[in-house]
1. Spot the failing condition for Thr85; the list is (1) at pLDDT 95 or above; (2) within 16 Å of the ligand (Cβ to nearest atom); (3) among the polar types (S, T, N, Q), and only one is missed.
2. Scan the range 124-137 and report the pairs whose first residue is assigned to a strand (DSSP E or B) and whose second residue is aliphatic (A, V, I, L, M) and exposed (fewer than 15 other Cβ atoms within 10 Å of the Cβ), with Cβ atoms within less than 6 Å and a gap of 6+ or a chain change.
3. Name the residues in the range 107-118 that are of a type in the set (D, E, K, R) and surrounded by 13 or more Cβ atoms within 10 Å (Cβ to Cβ), would you?
4. Kindly evaluate Leu148 against the criterion of being in a helix (DSSP H, G or I), more than 16 Å from the ligand (Cβ to nearest atom) and loosely packed, with under 15 Cβ neighbours inside 10 Å.
Amino acid sequence: MSSFAVDAMLGKLALWLRLTGHDTFYEADVDDDELLKIANSEKRILLTSDANLHRHAVESDIRGMLVRGSVDEVVVDVFVEFGITPTVDPTKSRCSKCNGELIQLAGTEKERIRDLVHKKTYDYYEKFWLCKDCQSVFFQGGYWRNILEYMEKIEVLMRERMDK
Ligand SMILES: [Zn+2]
């Protein structure tokens, strides 16, 4: 599976790559040199909407892709280019905040996150995912529906793109 380094302007793209399970470097305040360095040393594909940065990547033998357009267009372009399936399986997702790996906690393992979420949330949900790195806790709350709906939308757009 490809890993990526995403420029600071493409936070939404980074989010969707992480949710679909891709190791994705993204920091909102990283500068171009730093990003190039990380892409190079960690063999990540550099995704950017900055033509200059893309040119620098190509000149440095870093695999890169110049992406342009709305969030939807960018997500579709990247998913088509790298053969990414628009489904989110939380057992494979990376932490949306820090890119860390997630551990699934169910049944008695839930105990581990008891103090990290509201009591109602703890009682209501069966499964939780804990980030190994930043200790963020995820569960399939109200936003989960938005995630599924967005991936369905992307799937339709990808099909339209490939039919052209
Ligand atoms: Zn994390």
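1. In the conditions (1) at pLDDT 95 or above; (2) within 16 Å of the ligand (Cβ to nearest atom); (3) among the polar types (S, T, N, Q), Thr85 misses (2) alone.
2. Taking only residues 6 or more apart or on different chains, the pairs are Lys127/Ala106; Leu130/Ile103; Val137/Leu116.
3. Applying the first criterion (of a type in the set (D, E, K, R)) to the range 107-118 yields 109-112, 114-115.
Glu109, Lys110, Arg112 - these are the residues of the range 107-118 that are of a type in the set (D, E, K, R) and surrounded by 13 or more Cβ atoms within 10 Å (Cβ to Cβ).
4. On the way: in a helix (DSSP H, G or I): yes; more than 16 Å from the ligand (Cβ to nearest atom): yes; loosely packed, with under 15 Cβ neighbours inside 10 Å: yes.
Judged against the criteria, Leu148 is a match.
Each row is one residue, and each column tells you yes or no for (1) of a type in the set (Phe, Trp, Tyr); (2) in contact (Cβ under 8 Å) with a residue 24 or more places away in the chain; (3) in contact with a Gly (Cβ under 7 Å, 6 or more places away or on another chain); (4) closer than 21 Å to Ile147 by Cα.
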| position | (1), (2), (3), (4) |
| --- | --- |
| Phe4 | yes, yes, no, yes |
| Asp7 | no, yes, no, no |
| Leu13 | no, yes, no, yes |
| Thr24 | no, yes, no, yes |
| Asp29 | no, no, no, no |
| Leu36 | no, yes, no, no |
| Arg44 | no, yes, no, no |
| Ser49 | no, yes, no, no |
| Asn52 | no, no, no, no |
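Yes/no matrix, rows are residues, columns are (1) in contact (Cβ under 8 Å) with a residue 24 or more places away in the chain; (2) within 28 Å of Val74 (Cα to Cα); (3) among the aromatic types (Phe, Trp, Tyr):
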site	(1), (2), (3)
Thr85	yes, yes, no
Cys98	yes, yes, no
Thr108	no, no, no
Lys120	no, no, no
Tyr143	no, yes, yes
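The values are calculated or read from the model by the stated rules, or taken from the named source; none is laboratory data. All values derive from a computational prediction rather than experimental measurement. Note: ideal-geometry Cβ built from the backbone for every residue, glycine included; neighbour counts use all protein chains shown.
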